[in-house]
Amino acid sequence: MAQFALAFKMAIKSILSNKLRSFLTMLGVIIGIWAVIAVVGLAQGSTKSITDRLQRLGTNLIQINITGRNSNRNVTYEELQQFAEQHADDIEAIAPTVSSSVTLKYGTNTHDTTLIGTTADYSTVRDVNVSSGRFILPIDVDYRQKVALVGTYIVKDLFNGQNPIGKKIKINGQIFTVVGVLEERANSQEQSDDDQVIVPVTVAQRLTRNAIIRNFAIKITDGNRSEAVMNYLNDFLMKIYNDSTAFRVFNTAQLLDTLNSVTQTLTLMLAGIAAISLIVGGIGIMNIMLVSVTERTREIGIRKAIGAKRRNILVQFLIEASVVTGLGGMVGIILGFVTIRVMSKLNIATAIFSIPWAVLAFTISLAIGIVFGLFPASKASRLNPIEALRYE
């Protein structure tokens, strides 16, 4: 134990005696660990944000996505309403959705956001409520009333926090009257559920020049009946399209499974790309350690002459390499956490601190020191003491 403590002290002394070279040696490891921590934190944070939004919808939500574009005809909202009436015991409500990116304007203020075109049932299906004003009414849909509901972030950004009820806004140049403010769901953050505008679906179809509704959300009465209702819907849609690829019926659980699978693969891929810099850093460490061995040849000869064994020299250089990469790993982890914190504070992206990944990254940094420091350490330990003492 005393031998390891002495080797550690010598490693620290060697690093401090060549500060610039030691920092440049660490740089590859610092950048690699920094990238791994930041990428993984951002990926997991984004996944958690989406997952939380999906889980809030519960297990009793079914989605229909119409993908076919060359069909002779498309399913209509009225047909799905009739289907819902025929299965009233299982289906509580159904809401069509038309979505698009739009630009809002109020006075001199403008804001780009997401537009959702839907019906009064959207409140029940998506559990969306208003904090003030009212929601969309059936009369708004039937008579194509240009009314809109806005999220709390839009109230803050477009209206400077003032009550928007009754005020006129322009959506892609068309004038709408604000009739309601949606309940806050995501701390009034940008690009969240609080950053959207809802209008009647019939108005959205004209505004987006999209006559075909391709997305429907269905709320069922019992989550345990999800598979049965999905089978009914598949049979119903097959009679219309005669092509199973023309539509997709899925529930929240399937969407979560797909999301988790994709994000896990993406996280590993991004972490793998970031890890390339660790390999580059490891090669740099090996080169610097080889230079260090050459510079300290006489020191190694003296140590061997007074009784140091090959194992002692090997351990000393391995510890030096591990200390360098370990310190680089710690700096990289700190920088990664700071990056995540800053991006979260600025609302650039949702991010979380991943302690397991931090531990893994630090372990990898130590392993890089051992793996890439092994060859220089082995070379140092095999030096002939007589030739080492003669070295100039």
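The values are calculated or read from the model by the stated rules, or taken from the named source; none is laboratory data. On a predicted model such as this, the values are computed, not experimentally measured, just so you know. We place every Cβ from the backbone using ideal geometry, glycine too, and count neighbours over all the protein chains shown. Keep in mind that these areas ignore ligands, DNA and RNA; they rest on the heavy atoms of the full protein, side chains included. Shrake-Rupley method; radii C 1.70, N 1.55, O 1.52, S 1.80 Å.
Can you give me the number of residues within region 142-152 that are closer than 19 Å to K170 by Cβ and not in a strand (DSSP E or B)?
4
Do you know which of the residues in region 199-251 that are in a helix (DSSP H, G or I) and aromatic (F, W, Y) is least open to solvent (accessible area, probe 1.4 Å)?
Only one residue fits best here, namely Y241.
So which residues in region 170-198 are within 15 Å of T113 (Cβ to Cβ), in contact (Cβ under 8 Å) with a residue 40 or more places away in the chain and not in a loop (DSSP other than H, G, I, E, B), if there are any at all?
Listed by number, the residues that qualify are K170, I171, V178, V181, L182, Q196, V197, I198.
Looking at I288, I276 in this structure, which one is surrounded by 13 or more Cβ atoms within 10 Å (Cβ to Cβ), assigned to a helix (DSSP H, G or I), modelled with pLDDT of 70 or more and in contact with a helix residue (DSSP H, G or I) (Cβ under 9 Å, 6 or more places away or on another chain)? It would help to see each step written out before you state the result.
On the way: I276 fails: surrounded by 13 or more Cβ atoms within 10 Å (Cβ to Cβ).
Step by step, each of I288, I276 is checked, and only I288 is surrounded by 13 or more Cβ atoms within 10 Å (Cβ to Cβ), assigned to a helix (DSSP H, G or I), modelled with pLDDT of 70 or more and in contact with a helix residue (DSSP H, G or I) (Cβ under 9 Å, 6 or more places away or on another chain).
Is it the case that some residue within region 153-167 is in a strand (DSSP E or B) and open to solvent by less than 60 Å² (accessible area, probe 1.4 Å)?
Looking through region 153-167, none of the residues is in a strand (DSSP E or B) and open to solvent by less than 60 Å² (accessible area, probe 1.4 Å).
Only one of (1) of a type outside the set (A, V, I, L, M, F, W, C); (2) more than 20 Å from L158 (Cβ to Cβ); (3) touching a residue at least 40 places away in the same chain (Cβ under 8 Å) is not met by S100, so which one is it?
The failed condition is (2).
Could you please let me know if R214 is basic (K, R) and farther than 20 Å from P96 by Cβ?
no
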